[in-house]
1. If ARG127 satisfies every condition in (1) at positive phi; (2) at pLDDT 85 or above; (3) not in a strand (DSSP E or B) but one, which is the exception?
2. Mind listing just one residue for me: the one in segment 13-53 that is hydroxyl-bearing (Ser, Thr, Tyr) and farther than 30 Å from GLY73 by Cβ and, of those, modelled with the lowest pLDDT?
3. Out of all the residues in segment 122-156, which are of a type in the set (A, V, I, L, M, F, W, C) and open to solvent by less than 80 Å² (accessible area, probe 1.4 Å)?
Amino acid sequence: MRFPYRESVGSNLRTLFGADRLRAQSRNLGSSSITQGEGSLELRTTDAGGTVMHLGDLPGGGFGIGVPNGAGGWHTVQDDAQVRANAAQAAAEASAAAATSALAGRVGTAEGRLDSHATRLGSAEGRLTSAESMNSTQNGRLDSHASRLGGTENDVTAMQSTINTQAATINSLVGALNAAGERMDRMDARMNQNGLMPYYPA
């Protein structure tokens, strides 16, 4: 089978020279660059429209390495890092605020308990002071009773001494009366011997 167009040496040379010119004009991707305003290189998945990264001009403005911003748009990796850092800082501040609030709540609870304990201690001190006052009053009363009892004992002792003295006096009077009676009996006996009747006035 023959090719329908007859080839010549000149046409073959023109074809070879054209291929050489194309190879000379092509750029190596390893040394290529994209300047702002020249467009962008998209990295896509096998899904239709599944772009995961832009290199160059970003849709909606901006230039650089673009990644999804989570809202349907694109931002640079620098902006993405800043957004993530801001989110991390906000989360850390929220966590610190929550921890501070919880700690403040615990401190408030502890202060409330301390105030309650202080009130109870104050009440206990008041009761102790009242008990000490009552004890002092009772001690005073006991001292007064003891003093009265001492005075009564002294009075009883004095009365006993007086009673003893009076008993001695009575005993002495009894002895004197007995002696007087004996004398009168002897006188009566003598008078009877002498025939005299004793006279006892009425």
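1. (1)
2. As a first pass, look at segment 13-53 and keep what is hydroxyl-bearing (Ser, Thr, Tyr): 15, 26, 31-33, 35, 40, 45-46, 51.
Pick out the ones that are also farther than 30 Å from GLY73 by Cβ and you get 15, 26, 31.
Working: THR15: 81, SER26: 58, SER31: 63.
Checked segment 13-53; the qualifying residue modelled with the lowest pLDDT is SER26.
3. ALA124, ALA131, ALA146 - these are the residues of segment 122-156 that are of a type in the set (A, V, I, L, M, F, W, C) and open to solvent by less than 80 Å² (accessible area, probe 1.4 Å).
Residue by residue, here is whether (1) among the charged types (D, E, K, R); (2) at pLDDT 90 or above; (3) loosely packed, with under 12 Cβ neighbours inside 10 Å; (4) over 13 Å from SER40 (Cβ atoms) holds:
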residue: LEU58; (1), (2), (3), (4): no, no, no, no
residue: ALA88; (1), (2), (3), (4): no, yes, yes, yes
residue: GLU111; (1), (2), (3), (4): yes, no, yes, yes
residue: LEU114; (1), (2), (3), (4): no, no, yes, yes
residue: HIS117; (1), (2), (3), (4): no, no, yes, yes
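The values are calculated or read from the model by the stated rules, or taken from the named source; none is laboratory data. Everything numeric in this text was worked out from a predicted model, so none of it was measured. Note that each Cβ is placed from the backbone with ideal geometry, even for glycine, and that neighbours are counted across all protein chains shown. Note: areas computed on protein heavy atoms with side chains; ligands, DNA, RNA excluded. Shrake-Rupley method; radii C 1.70, N 1.55, O 1.52, S 1.80 Å.
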